[in-house]
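Undergrad: For reference, the structure I am asking about is given below.
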Amino acid sequence: MYISTIFIVKNEISNLKHIVDKVLLFSDEVVFVDTGSSDGTVEYLKDRASADNSIIFATYNWDNNFSNARNAAIDLCSKDFILWLDADDRIDDDNISQIIHHKSSLNLNLAYFIKVNNSSDDTFFYQIRIFPNIKPIKFIYPVHEQLDMPTHIRKAFLDIEILHTGYENRDNLKEKHLRNIAILKSYNSQDFYFSLQMGESYKIIGDYDKAVEYLNYALLDKNIVTLNREIMGFIYLELYKLYSILGFHDRAINALYKGEEFAGDFPVLYYYFAKELYEKGDLDMAIKYYSIFLSEHCNKKYINPVSHKLEDSGIYSLAKCFFQIGQYEKAVMLFNKLIVKYPDHKIYSDFGEKCLEKIF
């Protein structure tokens, strides 16, 4: 199978110099659509396209709609599959090899999730990035665009990872979300998508009251319960965190336990149930929920951002529970998992020594 890789870009000259040559290693065609650059991006891409006929360059008259721009890029693709990337994505050599390895076995009835790691906050999630190049498939929504696909296209996961670097500059991140809020306000439907994205953008810019307001609006859409249970769990967890920041502990706990219905679909909730129980001193129940979290979390392919460090935190917290109830051998077993990964971690090392002192 052949792959077209698409980008929409604006003032990305520094990022493009990092990624273009990498992408050409696995792509049979690379499409760049510029939405109004003024930093040399246009000239750079025109030069690359004139020197390499596998590169296609076009411009797009920006209309405050990321989906429209991405769909314009799709229209220029001629290969079997499309991989979409942002200029601030990074792909290392191992994952380039993985893409090359998987190319021959791609199925035209499947769209593929890959793992996206965020460099700014150590979170990860899975996102459909590779899909068949067939006309019904297109992007929808003006920001945080999503793929709309016919029902016969099924979903699969590939062992491919990319690193997204676009959120490292916090000032730029705030500017991006202020832009997103402005675009969303011109969106002609105040549906679940609108409420969720407004809530998330207000959270990023630090307006937590507005974030809570919009996330609660999102929960009023009862259809989403059957369409995407993980996102329901994610929203309840977001509300728990926001209410905690705002100092409304009772509301935070209420949001957390309303989310319990969706914990099987979003196991991160089990971690926070356990954390609250631990802080209340209910160690037996905390052990139960930390154990459930660790059992279900490691096999979950999340489509919403989750911290890489949460599993380690769950192991350490469970070990502390066992230590406090006198089950030192179990605490040491968990400690050993951590020290293998982090041999120089002082907190973990000090905890392990305390456990061993109790045993010997």
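The numbers here are math on the coordinates, done by the rules we state, and not lab data. In this text, all values refer to a predicted model and were calculated from it rather than measured experimentally. We place every Cβ from the backbone using ideal geometry, glycine too, and count neighbours over all the protein chains shown.
Undergrad: Using +1 on the beta carbon of Lys and Arg, -1 on that of Asp and Glu, and nothing else charged, what's the dipole of the chain about the Cα centre, debye to 20? Spell out each step's value before the answer.
TA: On the way: 40 positive and 51 negative charges, 118 e Å.
Dipole of the chain, to the nearest 20 debye: 560 debye.
Undergrad: Kindly flag which residue pairs out of K155/K337; K280/K309; K280/K354; K309/K341 have an alpha-carbon separation exceeding 21 Å in this structure. If you can, show how the numbers build up before the last one.
TA: Values: K155/K337 33 Å; K280/K309 23 Å; K280/K354 23 Å; K309/K341 12 Å.
Going by Cα-Cα distance, K155/K337; K280/K309; K280/K354 fall outside the 21 Å limit.
Undergrad: If you build the Cα gyration tensor of region 173-359 and take the root of 5 times each eigenvalue, what three semi-axes come out, in whole angstrom, biggest first?
TA: Working: eigenvalues 264, 58, 43 Å².
Gyration-tensor ellipsoid for region 173-359: 36, 17, 15 Å.
Undergrad: Place a point 7 Å from Cα of M1 in the direction of its Cβ. Which residues in region 64-81 have their backbone N less than 19 Å from it?
TA: In region 64-81, the label zone of M1 (backbone N under 19 Å from the point 7 Å along Cα→Cβ) covers 74-81.
Undergrad: One-quarter of the Cα convex hull surface for the chain, in nm²?
TA: Working: hull surface 79.5 nm².
The orientation-averaged projected area of the Cα hull of the chain comes to 19.9 nm².
Undergrad: Please check: in the Gaussian network model of the chain (C-alpha springs, under 10 Å), which one of N53, N68, N304 has the largest mean-square fluctuation.
TA: Answer for the Gaussian network model of the chain: N53.
Undergrad: When a footprinting reagent is the concern and you count Cβ atoms within 10 Å, what order do H18, H249, H152 take, fewest first? Could you put the intermediate results ahead of the total?
TA: Numbers: H18 15, H249 11, H152 7.
So the ranking, lowest neighbour count to highest, is H152, H249, H18.
Undergrad: Also, quick follow-up: Near the amide H of I6, under 5 Å away, which other amide H atoms are found, from residues 5 or more places off or on another chain, if H is placed in the peptide plane?
TA: Those qualifying (amide H under 5 Å, at least 5 residues apart or on another chain) are V31, L83, W84, L85.
Undergrad: Another question about this same structure. Rank the residues V42, V31 as a footprinting-exposure proxy: fewest other Cβ atoms within 10 Å of their Cβ go first.
TA: Numbers: V42 19, V31 26.
In order of increasing Cβ crowding within 10 Å: V42, V31.
Undergrad: Could you compute the net charge surrounding N53? Neighbours are other residues with a C-beta less than 15 Å from the C-beta of N53; K and R count +1, D and E count -1. Provide the component values of the computation, followed by the final result.
TA: On the way: positive: K46, R48, K79; negative: D28, E29, D47, D52.
Combined, the nearby Lys, Arg, Asp and Glu give -1.
Undergrad: For the chain, what does -39500 (n - 2.57) per DSSP helix run (n ≥ 4), summed and divided by total residues, give at 222 nm, in deg cm²/dmol to the nearest 500?
TA: -16500 deg cm²/dmol, from helical runs alone.
Undergrad: Roughly what would the spin-label model give for N64 and L356, points 7 Å off Cα along C-beta, in nm?
TA: Modelled inter-label distance: 6.3 nm.
Undergrad: Assigning unit charges at the beta carbon (Lys, Arg +1; Asp, Glu -1) and nothing else, what dipole magnitude in debye, to the nearest 20, does region 150-212 show about its Cα centre? Write down the numbers at each step before the final one.
TA: Working: 9 positive and 9 negative charges, 39 e Å.
Using Cβ point charges on Lys, Arg, Asp and Glu, region 150-212 gives about 180 debye.
Undergrad: Take C321, C77 and order them by how many other Cβ atoms sit within 10 Å, fewest up front.
TA: Working: C321 26, C77 20.
In increasing order of surrounding Cβ atoms, one gets C77, C321.
Undergrad: Among Q190, Q127, Q324, whose mean-square fluctuation peaks in a Gaussian network model of the chain (Cα, cutoff 10 Å)?
TA: Residue with maximal mean-square fluctuation among Q190, Q127, Q324: Q324.
Undergrad: What does the charge add up to near Y271, with Lys and Arg as +1, Asp and Glu as -1, over the other residues with Cβ less than 14 Å from its Cβ? It would help to have the intermediate numbers written out before the result.
TA: Details: positive: K241, K275, K288, K300, K309, K320; negative: E260, E276, E279, E296, E311, D312.
Once all neighbours under 14 Å are counted, the net charge is 0.
Undergrad: In a shell of Cβ-Cβ distance under 12 Å around T41, excluding T41 itself, what net charge do Lys and Arg (+1) and Asp and Glu (-1) give? All intermediate terms of the calculation are to be shown ahead of the outcome.
TA: On the way: positive: K10, K17, K46, R48; negative: E12, D34, D39, E43, D47.
Local charge sum for T41: -1.
Undergrad: Here's another thing I want to ask about it. As a test, work out the antiparallel percent of DSSP beta bridges whose residues both lie in the chain, rounded to the nearest 5. Walk me through the numbers before you get to the answer.
TA: Working: 16 of 39 bridges.
The antiparallel proportion sits near 40 percent.
Undergrad: Any idea which of Y302, L283, I325 is furthest toward the positive side of the dipole for region 173-359, if Lys and Arg beta-carbons carry +1 and Asp and Glu beta-carbons -1?
TA: Working it through, the farthest residue towards the positive pole turns out to be Y302.
Undergrad: Of I3, L106, G314, whose Cα points farthest to the positive end of the dipole of the chain (charges on the beta-carbon: +1 Lys, Arg; -1 Asp, Glu; origin at the Cα centre)?
TA: Farthest towards the positive pole: G314.
Undergrad: By how many nm would the segment from F248 to S14 grow when fully extended, if each residue of separation counts as 0.36 nm and the alpha-carbon distance is taken off?
TA: Working: separation 234, 0.36 × 234 = 84.24 nm, distance 4.38 nm.
The F248-S14 span can extend by a further 79.9 nm.
Undergrad: Report the antiparallel proportion of the DSSP beta bridges in region 3-164 as a percent, rounded to a multiple of 5.
TA: So the antiparallel bridges in region 3-164 amount to around 40 percent.
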